[in-house]
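Okay, so here's the structure we're looking at.
The values are calculated or read from the model by the stated rules, or taken from the named source; none is laboratory data. Treat the numbers as computed from the prediction; the structure is a model and nothing was measured. A quick note on method: Cβ atoms are made from the backbone with ideal geometry, for glycine too, and the neighbour counts reach across all protein chains shown.
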Amino acid sequence: MICSKCGSENVSIQIIQIGASSSTKGKGCLFTLGRWLLIICTFGLWLIFAKKKAKTKTKFKHKKVAICQNCGEEWDM
């Protein structure tokens with residue numbers, strides 16, 4: 001590869017993270033309603049058990065970039 005700005009062949013290719021998005025999936029309202037019903041019916045014994053945590057998924061977005069090591073010019077590939 002050749003740099004368009006200075007004409008050098010000293011070019012490196014890197015993958016750069018440009019963004020991320022997270023989505024959280026929790027329990028439904030029916031589960032929460034049922035849990036509260038059990039808490040009321042057992043006079044609070046269900047409060048002893050810990051509430052389960054929600055699951056989170058993260059997706060990352062990447063792009064490939066070429067960078068000239070002599071002049072610092074960068075361009076997408």
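Pairs linking a residue in the stretch 56-77 that is without any contact (Cβ under 8 Å) to a residue 24 or more places away in the chain and more than 14 Å from ILE15 (Cα to Cα) to a residue that is of a type outside the set (Asp, Glu) and part of a loop (DSSP other than H, G, I, E, B), with Cβ atoms under 9 Å and 6 or more positions apart or on different chains, are GLY72/LYS5. Counting only strands (runs of 3 or more DSSP E) that sit wholly inside the chain, those with at least 1 residues that are of a type in the set (Lys, Arg) and modelled with pLDDT of 90 or more are 55-68.
Okay, residues lined up against (1) surrounded by fewer than 10 Cβ atoms within 10 Å (Cβ to Cβ); (2) of a type in the set (S, T, N, Q):
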| residue | (1), (2) |
| --- | --- |
| MET1 | no, no |
| CYS6 | no, no |
| GLN14 | no, yes |
| ALA54 | yes, no |
| LYS57 | yes, no |
